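Report on the structure given below.
The values are calculated or read from the model by the stated rules, or taken from the named source; none is laboratory data. Just so it is clear, the model here is predicted, and its values are computed rather than measured. Cβ placement follows ideal geometry from the backbone for every residue including glycine, while neighbour counts extend to all protein chains displayed. SASA here: full protein model, heavy atoms, side chains in, ligands and nucleic acids out. Shrake-Rupley method; radii C 1.70, N 1.55, O 1.52, S 1.80 Å.
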Amino acid sequence: MRREPPQTFGDYSPLLFPAAMLTIFFVVPFGTMIAVSFFQRQQGGFYTPAFVFDNYARFLSAFFGGVLGFSLMMAIAVAICCVVLALPFTYLLTRMARRVQIVWLVALLSILSLSEVIIGFAWSTLFSRTAGITNILVALGLMGEAKALTPSFAAVLTGMVYQAFPYTVLVLFPALVRLDPTLTEAARTLGASPLRAFFTVVVPALRNTIVATLIMVFIFALGSYLLPQLLGRPQHWTLSVLITDQAIYQSNMPFAAAMAVFLVLVTLGLVALTVIAGRKGEAA
Amino acid sequence: MSGLALQNVVKEFGAFKAVNDVDLTVPHGTFVCMLGPSGCGKTTLLRMIAGLDLPTSGAIRLDGEDITHVPTHKRNLGMVFQSLALFPHLTVGENIAYPLRIRGAPKEDQKKRVEDLLSMIHLTGYADRPVSKLSGGQRQRVAIARALAISPKLFLLDEPLSALDAKLREAMQVELRQLQQKLGITTIVVTHDQREAMTMADTVVVMSGGEIRQAASPIEIYRRPADSFVADFIGQTNLIEAESDTLNHVTVLGQPVPGLQLPPGAAKATISIRPEDVHLTAPGGGALTGTVTFVRDLGGTIETFVEVAGRQIVAVSTPRARPEVTVGQEVGVALTPDVCVVLRK
Ligand SMILES: Nc1ncnc2c1ncn2[C@@H]1O[C@H](COP(=O)(O)OP(=O)(O)OP(=O)(O)O)[C@@H](O)[C@H]1O
Ligand SMILES: [Mg+2]
């Protein structure tokens, strides 16, 4: 269907409500945060309007640079793990009977209803020495003695992947359902084993969806600030943890705001790069 | 034996038998059209030949070897789907080269083969186009070329031409037939268009309710249909009840037809006579007597509807051979015994 581009101001009126919401709930708070990031901090937890770069300058240290790098690396790892796990899972799910699909989707949706705190404590119990899964392995004779798996990087990664996995499946599901099942059948008649058909047809045909999902999970994982504290050591703390720490416990709003702004900028930059790379790949 | 053989193939979906005990031999190089009403199991049968579905029981043999349990990708076949199933992320050339790439053919060979195939389907120079930028007929050809890229042992097509308009469809039927004759590949086409089947096939397989009703050459199917379903499904026909007395004198619609014979021992049978074989004459002289109820002049042919003892009989003739009849006139309907087909019950 071909549509006329909007002509008059009235044609844009359906956009007014979302535009207003976006302004009130995103542009204004974000603008405030940018402003605060340039304010002068006062001892005792207050700040005064000013235009200083102190907050950004303080941020540009090896320590915070390292945390930023770790946060990005962690988010990328979570995004990749989620997509690598969710893509075959969702593909197989779309090929199952309707009833099976519903059971799985309800189970995944119920994970979404869990708060980060509950997920964190549940996994820290599961990874503990006294009550954790290693006890099962010991009972099965696969391990000598029970040990604690947390705090560790792997524990943080597991928790975050667990948290983001349902989102990943829900984003991939519609695209995979819409994918014509005869495409894989055609690939099989042309000599591809089911596995090769998956990698040579399903994955490339869904390239754009996969990239979009990676970006979504990446951003989702960047915002996680409880799981790294519950399941990791201080060196596994992400920038979000430090921002929370500065904003709430150190009462240093301007510095927290500066870190948040910086994180947003870096994230936007990475997303833009991904999109540009995606376009290039498409043209090639 | 070289060729394809289906032996007692059955496919059940739950309690429902989609394909019921199908036996069929297709000699190497034959062009087979499977024809039948919607839901009669044609696609199911084709998918089993391709290995996309597993038969509930029975065997499928290719060149004497049992391939019933050989996975699809090891069968070396080419299949064109009704939706065509061209890969949207690949260009025309990459689509055609896909089966070669999967088999690890060298890049130069792939390129050469793609060029040969493109010239075969009259699309030279289209290799770098995205498939989304092709017309329906061009896509059709690309799907055919992709299926033929490895010179398959079996070429399967599921209603390949149904999405095309009538003109293009007829042109593609001729092209497909010529291509198949040139390559000599055993080909099975599913269709529900009987004209298409008559145009292309060496063997027409008429199916209904999951069973094969008749498998024979198009002309034999047309001239000697095995039963009333086939007679009615292929072309137009008049199905008339005939009765025989103990002395084997046959009467049709209460009037004697000298020379017509029913199988020995049969008191009743249905006979099929094609409209173009019905000749209208003057009443009497061994012909059935009836009344003209309607004349449809289509320019190229004329259809005359004659009512004989409450039954409608249609006669088709060309304008030149046209008998001078008008509605309400009493005419004779000559049933020449050698064009009447006595159908088995
Ligand atoms: N996966 C399935 N599960 C259950 N029933 C099925 C399945 N596939 C096909 N059938 C049934 O089997 C019968 C034959 O289907 P099939 O697709 O082979 O018909 P067809 O002859 O190809 O018809 P058409 O000309 O409409 O394509 C139909 O009644 C259909 O409902
Ligand atoms: Mg079908």
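Neighbours of residue B:11, meaning other residues whose beta-carbon lies under 15 angstrom from its beta-carbon, give a summed charge of -2 when Lys and Arg score +1 and Asp and Glu score -1.
Look at the Cα gyration tensor of the range B:1-116: its axes a ≥ b ≥ c give a/c of at least 1.5 with a/b over b/c, and that counts as prolate. If R0 is taken as 35 Å, the Cβ-Cβ distance between residue A:80 and residue A:103 corresponds to a FRET efficiency of 0.80. Once the Cβ-Cβ distance of residue A:63 and residue A:121 is raised to the sixth power relative to R0 = 35 Å, the FRET efficiency obtained is 0.75. Placing +1 on each Lys and Arg Cβ and -1 on each Asp and Glu Cβ, with no other charges, gives chain B a dipole about its Cα centre of roughly 1280 debye. Please give me, ordered by residue number, the chymotrypsin sites (Phe, Trp or Tyr not before Pro) of the range A:1-88 that lie in loop per DSSP and have at most 15 other Cβ atoms within 10 Å. Passing sites in the range A:1-88 are A:46, A:51, A:53. Gain on full extension, evaluated as 0.36 nm per residue between residue B:163 and residue B:109 minus their Cα-Cα distance, stands at 16.2 nm.
Antiparallel beta bridges, as assigned by DSSP with both residues in the protein assembly as shown, represent about 75 percent of the total such bridges. Compared with the dominant principal axis of the Cα atoms in chain B, helix B:92-102 is inclined by about 70°.
These residues, A:123, A:237, go from largest to smallest accessible area, 1.4 Å probe, as A:237, A:123.
Remark: the residue A:277-residue A:131 segment gains 47.9 nm on full extension, using 0.36 nm per residue and subtracting the alpha carbon distance. Calculated accessible area for the protein assembly as shown comes out at 50 Å² per residue, all protein chains present (probe 1.4 Å; ligands, DNA, RNA ignored).
Counting only other chains, and only Cβ atoms inside 10 Å, what mean value do you get across the residues of A:193-201?
3
Solvent-accessible area of the protein assembly as shown (1.4 angstrom probe, protein heavy atoms only): carbon and sulfur portion equals 61 percent.
Put the Cα centre of the range A:90-121 next to the Cα centre of the range B:1-59 and the gap is 39 Å. Between residue B:338 and residue A:143, the distance separating the two model label sites (each 7 Å from Cα on the Cα→Cβ line) works out to 9.2 nm. Over all other residues within a Cβ to Cβ distance under 10 Å of residue B:28, the charged ones net out to 0, with Lys and Arg as +1 and Asp and Glu as -1. GNM on chain B, alpha-carbon springs under 10 angstrom: the most fluctuating residue among B:268, B:133, B:17 is B:133. As a length-normalised measure over Cα pairs under 8 Å and 6 or more apart, the relative contact order of chain B settles at 16 percent.
If you plug the beta carbon distance of residue B:255 and residue B:23 into 1/(1 + (r/R0)^6) with R0 = 30 Å, you get a FRET efficiency near 0.15. For a modelled paramagnetic label at residue A:233, 7 Å from Cα along Cα-to-Cβ, the residues of the range A:127-157 in reach, with backbone nitrogen under 11 Å, are A:151-153. If the cut-off is 30 Å between C-alpha atoms, which lysines fall inside it for residue B:42, apart from same-chain ones fewer than 8 positions away? Excluding near neighbours in sequence, the set is B:11, B:17, B:74, B:153, B:167, B:182, B:345. When the range A:63-283 is described by a simple charge dipole with +1 on each Lys and Arg Cβ and -1 on each Asp and Glu Cβ, the residue from A:221, A:269, A:173 located farthest towards its positive end is A:173.
Each principal axis of the Cα cloud of the protein assembly as shown was evaluated for its coordinate range; sorted largest first, these ranges are 126, 73, 51 Å.
Look at the dipole of chain B built from charges on Cβ: of B:130, B:150, B:251, the Cα furthest out on the positive end belongs to B:130. Taking all protein chains together and a 1.4 Å probe, the residues A:152, B:272, A:113 rank A:113, A:152, B:272 from largest to smallest accessible area. For the protein assembly as shown, the residue among B:77, B:201, B:294 whose Cα projects farthest onto the positive side of the dipole built from Cβ charges is B:77. Approximating the spin labels as points 7 Å out from Cα along Cα→Cβ, the residue A:203-to-residue A:26 distance works out to 3.2 nm.
Heavy-atom accessible surface, probe 1.4 Å, ligands and DNA/RNA ignored: which residues of the range B:89-108 lose at least 50 Å² versus the isolated chain? Relative to the lone chain, where solvent access is computed with a 1.4 Å probe, the range B:89-108 loses at least 50 Å² at B:89, B:98, B:102. Mean per-residue shielding of peptide B:78-88 is 5, counting Cβ atoms of other chains within 10 Å of each Cβ. Over the range A:63-283, what portion of Cα pair distances is larger than 20 Å, expressed as a whole percent? I get 67 percent for the Cα pairs in the range A:63-283 exceeding 20 Å.
Placing +1 on each Lys and Arg Cβ and -1 on each Asp and Glu Cβ, with no other charges, gives the range A:63-283 a dipole about its Cα centre of roughly 480 debye.
For the range B:194-339, a simple Cβ point-charge model (Lys and Arg +1, Asp and Glu -1, everything else neutral) yields a dipole of about 140 debye relative to the Cα centre.
What percent do you get for the relative contact order of the range A:63-283 when only Cα pairs under 8 Å and 6+ apart count? Rounded, it is 28 percent for the range A:63-283.
All other residues with a Cβ under 9 Å from the Cβ of residue B:51 taken together, and with Lys, Arg as +1 and Asp, Glu as -1, what is their net charge? Walk me through the numbers on the way to the answer.
Working: positive: A:188, B:47, B:74, B:75; negative: B:53.
With Lys, Arg at +1 and Asp, Glu at -1, the net is +3.
With a 1.4 angstrom probe, the accessible area lost at the A-B interface totals about 1700 Å². For chain B, the Cα-based Rg and Dmax, in that order, read 24.7, 77 Å.
For the pair residue B:12 and residue A:264, label points projected 7 Å from Cα toward Cβ lie 6.5 nm apart.
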